[in-house]
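The values are calculated or read from the model by the stated rules, or taken from the named source; none is laboratory data. These figures come from a predicted structure and were not determined experimentally. Here the Cβ positions follow ideal geometry from the backbone for every residue, glycine too, while neighbour counts run over all protein chains shown.
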């Protein structure tokens, strides 16, 4: 089996509102193996001793081969390694050198990612395959809107391409929608989607390997408004059959590695309904704690991002709450590089009561 080169810098698929986004390349470290190569932002070098000591204590293997440079030009120097990237494309500059290089490496993978990354294309594929989605109007530009009374309220106005909930607006009525539309540039494709009375949202992750398509994990999302801030596993709901037709279609089109679907859960008495909302044709926030949990065989966990007054891993006191492989309980640092801007992504393992106790202690110490 060939080794991998991991470059999970997110700067070709991010939103400016994500503070410290240039430091996120570190969160894939826990998914790597000793022989792999990993590219990390040079500013993370100051935290290397801290994170590796932590991973050694919790029993998590990681790459020993670090390149302190996240340029894909460096990745191109290792053609004998299988490439793992956060997003197989470039949403910030679609005609960039990086985009052209990735398309040359694997045109099918590049094209299916580019296609399904559009929320409008996702809706079209879902409808073609008979996958249940909320009532959605897909628009090339806002100039296609002739009558605001055509939409059901409340509704969500979404850019066709968005990351981490950026640019999504909940509009309670026609007046609200009209005021938001005034702020939207004329050339941007968008969609207007009827609100479903969801009680929760799920993240259903798949992975395509040499052996084919497999289900990776079903987690339920922790949201702050429209912004995804964490995930809990396992999920009480696992409606794989809802999105499986799209996952199979993507695999046939050439999709590789990890991707995920957002699914809304609607409870009406004893009746459960599920609606596919969108596909993230890439790694996502849940992928990193999922990968670590799978390596360490952790069955119950929550992954979330916390803020801290500290700016170095050495200042964080995990004594007594660090993950213990004997008890399958404790804290593991996942997105460790963002400590430099005062936030850290963690996995907290244990049953629900243990998670709450550990989280309370950790938050107090941060």
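A count restricted to segment 32-45 and to residues that are surrounded by 20 or more Cβ atoms within 10 Å (Cβ to Cβ), in contact with a helix residue (DSSP H, G or I) (Cβ under 8 Å, 6 or more places away or on another chain) and not in a helix (DSSP H, G or I) stands at 3. Residue 21 passes all but one of (1) closer than 25 Å to residue 98 by Cα; (2) over 21 Å from the mean Cα position of the chain (by Cα); (3) without any contact (Cβ under 8 Å) to a residue 12 or more places away in the chain; which number fails? For residue 21, the exception is condition (2). Of the residues examined, residue 220 is one that is buried (at least 18 other Cβ atoms within 10 Å of the Cβ), within 13 Å of the chain's Cα centre (by Cα) and not in a helix (DSSP H, G or I).
Here's the yes/no breakdown for (1) assigned to a strand (DSSP E or B); (2) within 17 Å of the chain's Cα centre (by Cα); (3) more than 21 Å from residue 286 (Cβ to Cβ):
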site	(1), (2), (3)
10	no, yes, no
26	no, yes, no
30	no, yes, no
50	no, no, yes
56	no, no, yes
62	no, no, no
70	no, no, yes
77	no, no, yes
84	yes, yes, no
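Among the residues making up segment 129-145, those that are loosely packed, with under 13 Cβ neighbours inside 10 Å and touching a residue at least 40 places away in the same chain (Cβ under 8 Å) are 130, 140, 143.
Checked across segment 16-23, the condition of being surrounded by fewer than 14 Cβ atoms within 10 Å (Cβ to Cβ) and at pLDDT 95 or above holds for no residue.
Look through segment 63-84, keep the residues that are under 24 Å from residue 296 (Cβ atoms) and touching a strand residue (DSSP E or B) at 6+ places or on another chain (Cβ under 8 Å), and return whichever of them is surrounded by the fewest Cβ atoms within 10 Å (Cβ to Cβ).
Let us first name the residues in segment 63-84 that are under 24 Å from residue 296 (Cβ atoms), namely 63-66, 82, 84.
Checking the rest, the ones that are also touching a strand residue (DSSP E or B) at 6+ places or on another chain (Cβ under 8 Å) come to 63, 65-66, 82, 84.
Working: 63: 23, 65: 13, 66: 17, 82: 15, 84: 21.
Among those that are under 24 Å from residue 296 (Cβ atoms) and touching a strand residue (DSSP E or B) at 6+ places or on another chain (Cβ under 8 Å), it is 65.
Only a single item in (1) closer than 30 Å to residue 46 by Cβ; (2) under 20 Å from the mean Cα position of the chain (by Cα) is not met by residue 312, and it is number (2). Reported count of residues in segment 173-200, each being over 14 Å from residue 145 (Cβ atoms), in contact with a strand residue (DSSP E or B) (Cβ under 7 Å, 6 or more places away or on another chain) and exposed (fewer than 15 other Cβ atoms within 10 Å of the Cβ), is 2. Among the residues making up segment 38-73, those that are in contact (Cβ under 8 Å) with a residue 40 or more places away in the chain and more than 17 Å from residue 316 (Cβ to Cβ) are 40, 41, 43, 59, 61, 63, 70, 72.
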